[in-house]
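Scroll down for the structure; my scribbles are underneath it.
The values are calculated or read from the model by the stated rules, or taken from the named source; none is laboratory data. On a predicted model such as this, the values are computed, not experimentally measured, just so you know. Quick reminder, even Gly has a Cβ in these numbers, built from the backbone with ideal geometry, and neighbours come from all protein chains shown. Accessible surface areas use protein heavy atoms only, side chains included; no ligands, DNA or RNA. Shrake-Rupley method; radii C 1.70, N 1.55, O 1.52, S 1.80 Å.
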Amino acid sequence: MQELLRRYGVGLTAAFIGLTAFWLLILVILPNVTLFESSFRPYLPVVDVGGPLDTYSLNNYMKVFGVPVDVSVLWMTFQVPVHIKIFFGTIYYSTLVTVITFLLAYPLAYYLAKVVSPKSLPTLFLLLFVPLWVSEILRSFAWFIILAFKGPLNALLLNIGLIDAPVRWISGYNSVIVGLVYTYVLFMVFPLYNAIQSLDTNQIEAAEDLGAPWWRIHQRVILPHAKPGIASGSVMVFMLCAGSLLVPTLLGSTSAQWFTQTIQQWMLEALDWNTGAAYAFMLLILCTVFVSVVMRIFRVKLSDIAK
Amino acid sequence: MSAGIELENVVCDFGNFRAVDNVNVNIQPGEFFSFLGPSGCGKTTILRMISGFNEPTKGVIRIGGKDMRGQRPNQRPTALIFQNLALFPLMPIWENISFGLEVRGVDKATRRKRAEELLALVDLPDAADKMVSQLSGGQKQRVAIARALAVEPAVMLLDEPLSALDLKLRQHMRAELRAIQKRTGVTFIYITHDQGEALAMSDRVGVMSQGRLQQVANPRDIYNNPVNGFVASFVGENNILTGSVQNAADGMASFATPIGTFRARLVDGANGKPVKLYIRPEHVTLSEIPGKENSVPVTISDVAFEGNFIAVQAQTENGTTLVAELRNDGAATVPATGSKLHMTFDAQRSALLPDAVGGRG
């Protein structure tokens, strides 16, 4: 603070602090506090807002426990409230997408960081970035076309004789998984690339020189070193997936509901912002808890991710 | 256990750049052999070819008589100690040391026992459960040696492992390395640009320049009988004079220089090639009266008292600077700056040497 004043004078220092405070207080904290507060209030006709009916309660949060449906896991069948089912589906498929992106991104990141010659690296990075120049909506829609029942993918597979009849790709969560993996795989590639790239190549060579086969080198030297990168990539991909609205809306089949879609239905279709806000906070808090638990299990510290 | 290494007409090209040019050398089992040369001379490339990280473009490398072509580093009986040691920072010391055994499927108890034995061998008994970051430079050095020894290699390859240490520790580790080599009997191939290190530790030294092996000999011969100007000036100091050879006979010749004509040894194979006169500063004497031969009048221009020796700079009449190193035996007289003396050197110990063997191409 003293340093800032001495360097830039009173005017500029006030401007810096003012702008940061505006961003933080008005654009981040205030909307969240407003939403949080309204999530405890009932959805009322305008005339009743602020009246005797407008009291704080957990009723909005309790709505997730309504409307039970049948859920079969293996050979057992449960009665589970529909919104809870959607919530766990969202968590489950987000985790699945995170694992798939890791399996795709790790070999790619290793290749970019340690195998490819530095001369061709910029070209490869450019090729990775090119899809990002197209908006997310268009990319998801492109997958909708590719995966369509009479779309190019089925045509191609039929032509080369890999399948006999067209496959309905857009069913269940399949197409959502494809779309989410495609949209967020780079968020896994870059943290992994950074982590692997910072590993001293001599360590890989030392392991090989000591007689380790390639998979041992990955298991004992490269993966442990890349752990913070894996953690930050996974957290990013998981949170983005769980919070994604576009991809599930465009690519979801009739049987695939994403929790964000439920929030959107409360907010925009039921016009019940209060319940929508409650659902949004539930998603935020439970995802945070889930991520913290997973980080605890894999012994990753928050400070590792910040690196 | 230990194996010999043969390099036969070994060439290594990187694109258009010839890093190693036709190297032939035969390293005996159990020998401590050093490759000595300036950075970029190709010595590290040789090491990487022996360990299997690079393949020679041409030529054959044999370890224990077996052709190593196509063998990956994890299939060769070599262990490489990297310049930066490349210890695994996320494993405790004992896992570092037993990593080579772990990948060979040795059980945990045996590995732990072996790691502790090796730690005792390198004189670091209580470090098994420490992490790499808790050790000092010299201790890390020992761990790297123990890790390499754990796989019981036939050949140890060391890539300037002492260069990161401070002077005192470096000198201590020299003796240590030498002792470990004697104790284990493993063939050591040592890469260095430090001539003192190479001379003090090795059975034989190979001096390299521009991808070529210039001379292979024991340390005494490298220093006393260098075969060319590169070896002479890379290993030790010299007064170098240019001139022309006159009436060479019986390995001796007269050499006419701008500051006089001197007699000196003409090495074999230097006949007909352009040569220069190399005189070691410590082979020079300064006196009031001129010597019988090879004497030149000089004016002392600078004197530096270094402790164990006195470095004297002197100028001849035409302004050429010559250097003398006088041993300080406790009673040596330090010549005064500006005094006029005669500098004399022995014909047998002065050599007429050609330049280095072949450049790159």
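So B:Phe82 passes all but one of these: (1) in contact with a helix residue (DSSP H, G or I) (Cβ under 9 Å, 6 or more places away or on another chain); (2) more than 22 Å from A:Trp214 (Cα to Cα); (3) within 14 Å of chain A (Cβ to nearest Cβ). Which condition number does it fail?
Checking B:Phe82 against (1) in contact with a helix residue (DSSP H, G or I) (Cβ under 9 Å, 6 or more places away or on another chain); (2) more than 22 Å from A:Trp214 (Cα to Cα); (3) within 14 Å of chain A (Cβ to nearest Cβ), the one that fails is (2).
Name the residue, out of A:Val47, A:Val73, that is surrounded by fewer than 17 Cβ atoms within 10 Å (Cβ to Cβ) and farther than 30 Å from A:Trp258 by Cβ. Step through it out loud before you land on a result.
Details: A:Val73 fails: farther than 30 Å from A:Trp258 by Cβ.
Matching residue, one of A:Val47, A:Val73: A:Val47.
Could you list, in sequence order, the residues of region B:31-41 that are farther than 21 Å from B:Val60 by Cα and either open to solvent by 10 Å² or more (accessible area, probe 1.4 Å) or of a type in the set (A, V, I, L, M) (or both)?
Answer for region B:31-41, where residues must be farther than 21 Å from B:Val60 by Cα and either open to solvent by 10 Å² or more (accessible area, probe 1.4 Å) or of a type in the set (A, V, I, L, M) (or both): B:Leu36, B:Pro38, B:Ser39, B:Gly40.
For (1) touching a residue at least 60 places away in the same chain (Cβ under 8 Å); (2) more than 16 Å from A:Ala277 (Cβ to Cβ), each residue gets a yes or a no:
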position	(1), (2)
A:Gln2	no, yes
A:Leu5	no, yes
A:Phe16	no, yes
A:Leu27	no, yes
A:Phe40	yes, no
A:Asn59	no, no
A:Ser72	no, yes
A:Thr77	no, yes
A:Val80	no, yes
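In this structure, does B:Asp123 turn out to be more than 25 Å from B:Ile46 (Cα to Cα) and more than 14 Å from every other protein chain (Cβ to nearest Cβ)?
Values: more than 25 Å from B:Ile46 (Cα to Cα): yes; more than 14 Å from every other protein chain (Cβ to nearest Cβ): yes.
Yes: the conditions hold for B:Asp123.
Would you say B:Ala144 is under 22 Å from the mean Cα position of the chain (by Cα), part of a helix (DSSP H, G or I), surrounded by fewer than 20 Cβ atoms within 10 Å (Cβ to Cβ) and among the hydrophobic types (A, V, I, L, M, F, W, C)? If you could, list the steps in order and put the result at the bottom.
Details: under 22 Å from the mean Cα position of the chain (by Cα): yes; part of a helix (DSSP H, G or I): yes; surrounded by fewer than 20 Cβ atoms within 10 Å (Cβ to Cβ): no; among the hydrophobic types (A, V, I, L, M, F, W, C): yes.
So B:Ala144 fails the test.
If you go through region B:238-281 one residue at a time, how many are of a type in the set (A, V, I, L, M), farther than 22 Å from B:Tyr223 by Cα and in contact with a Phe, Trp or Tyr (Cβ under 8 Å, 6 or more places away or on another chain)? So that I can check it myself, show each step before the final result.
Quick first cut of region B:238-281, residues of a type in the set (A, V, I, L, M) only: B:240-241, B:245, B:248-249, B:252-253, B:256, B:259, B:264, B:266-267, B:270, B:275, B:277, B:279.
When the remaining residues are screened for being farther than 22 Å from B:Tyr223 by Cα, the result is B:245, B:248-249, B:256, B:259.
After this cut, where a residue has to be in contact with a Phe, Trp or Tyr (Cβ under 8 Å, 6 or more places away or on another chain) as well, the list is B:245.
Number satisfying all stated conditions: 1.
Just one of the numbered conditions (1) surrounded by fewer than 18 Cβ atoms within 10 Å (Cβ to Cβ); (2) within 14 Å of another protein chain (Cβ to nearest Cβ); (3) within 28 Å of the chain's Cα centre (by Cα) is not true of B:Arg104; which one?
Every listed condition holds for B:Arg104 apart from (3).
Filter region B:242-277 down to the residues that are surrounded by fewer than 16 Cβ atoms within 10 Å (Cβ to Cβ) and of a type in the set (D, E, K, R), then identify the one that is farthest from B:Thr344 (Cα to Cα).
B:Lys273
What do you reckon, is A:Thr90 closer than 21 Å to A:Ala256 by Cβ, part of a helix (DSSP H, G or I) and of a type outside the set (Asp, Glu)? Break it down into steps so the answer makes sense when it comes.
Numbers: closer than 21 Å to A:Ala256 by Cβ: yes; part of a helix (DSSP H, G or I): yes; of a type outside the set (Asp, Glu): yes.
Yes: the conditions hold for A:Thr90.
Among strands (runs of 3 or more DSSP E) lying entirely in region B:197-281, which contain 3 or more residues that are farther than 24 Å from B:Glu325 by Cα and touching a His at 6+ places or on another chain (Cβ under 7 Å)? Steps first, answer last, please.
Numbers: elements: B:204-209, B:212-217, B:239-242, B:244-249, B:252-257, B:260-266, B:275-279.
In region B:197-281, there are no strands (runs of 3 or more DSSP E) which contain 3 or more residues that are farther than 24 Å from B:Glu325 by Cα and touching a His at 6+ places or on another chain (Cβ under 7 Å).
Yes or no, residue by residue, for (1) in a strand (DSSP E or B); (2) among the aliphatic types (A, V, I, L, M); (3) open to solvent by less than 50 Å² (accessible area, probe 1.4 Å); (4) more than 14 Å from chain A (Cβ to nearest Cβ):
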{"site": "B:Gln139", "(1), (2), (3), (4)": "no, no, no, yes"}
{"site": "B:Ala148", "(1), (2), (3), (4)": "no, yes, yes, no"}
{"site": "B:Pro153", "(1), (2), (3), (4)": "no, no, yes, no"}
{"site": "B:Pro161", "(1), (2), (3), (4)": "no, no, yes, no"}
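So that you can scan it fast, the table gives a plain yes or no per residue for (1) free of Cβ contacts under 8 Å to residues at least 12 places away in the same chain; (2) open to solvent by 80 Å² or more (accessible area, probe 1.4 Å); (3) under 33 Å from the mean Cα position of the chain (by Cα); (4) closer than 18 Å to B:Asn238 by Cα:
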residue: B:Asp302; (1), (2), (3), (4): no, no, yes, yes
residue: B:Gln315; (1), (2), (3), (4): no, no, yes, yes
residue: B:Ala332; (1), (2), (3), (4): no, no, yes, no
residue: B:Arg349; (1), (2), (3), (4): no, yes, yes, yes
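Can you name every one of the helices (runs of 4 or more DSSP H) wholly within region A:175-288 that holds 3 or more residues which are more than 14 Å from chain B (Cβ to nearest Cβ) and under 14 Å from the mean Cα position of the chain (by Cα)? First the steps, then the outcome.
Working: elements: A:201-209, A:214-217, A:223-242, A:246-251, A:259-264.
In region A:175-288, the matching helices (runs of 4 or more DSSP H) lie at A:223-242, A:246-251.
With the checklist (1) away from chain A (no Cβ under 13 Å); (2) open to solvent by 10 Å² or more (accessible area, probe 1.4 Å) in hand, flag the one item B:Phe188 doesn't pass.
For B:Phe188, the exception is condition (2).
Filter region B:213-228 for residues that are surrounded by fewer than 21 Cβ atoms within 10 Å (Cβ to Cβ) and either touching a Pro at 6+ places or on another chain (Cβ under 8 Å) or of a type in the set (S, T, N, Q) (or both) and give the result.
First, the residues of region B:213-228 that are surrounded by fewer than 21 Cβ atoms within 10 Å (Cβ to Cβ): B:216-221, B:223-225.
Within region B:213-228, B:Asn218, B:Asn224, B:Asn225 qualify.
Does B:Asn54 fit the bill of being more than 30 Å from B:Gly137 (Cα to Cα) and open to solvent by 10 Å² or more (accessible area, probe 1.4 Å)? Quick ask: steps written out before the conclusion?
Numbers: more than 30 Å from B:Gly137 (Cα to Cα): no; open to solvent by 10 Å² or more (accessible area, probe 1.4 Å): yes.
Against the criterion (more than 30 Å from B:Gly137 (Cα to Cα) and open to solvent by 10 Å² or more (accessible area, probe 1.4 Å)), B:Asn54 does not qualify.
Filter region A:50-62 down to the residues that are surrounded by 11 or more Cβ atoms within 10 Å (Cβ to Cβ) and farther than 20 Å from A:His83 by Cα and list them by number.
Once the filter is applied, which keeps residues that are surrounded by 11 or more Cβ atoms within 10 Å (Cβ to Cβ) and farther than 20 Å from A:His83 by Cα, region A:50-62 yields A:Leu53, A:Asp54.
Residues A:Phe22, A:Phe65: which one is among the hydrophobic types (A, V, I, L, M, F, W, C), open to solvent by 90 Å² or more (accessible area, probe 1.4 Å), over 26 Å from the mean Cα position of the chain (by Cα) and modelled with pLDDT of 85 or more? Step through it out loud before you land on a result.
Numbers: A:Phe65 fails: over 26 Å from the mean Cα position of the chain (by Cα).
Matching residue, one of A:Phe22, A:Phe65: A:Phe22.
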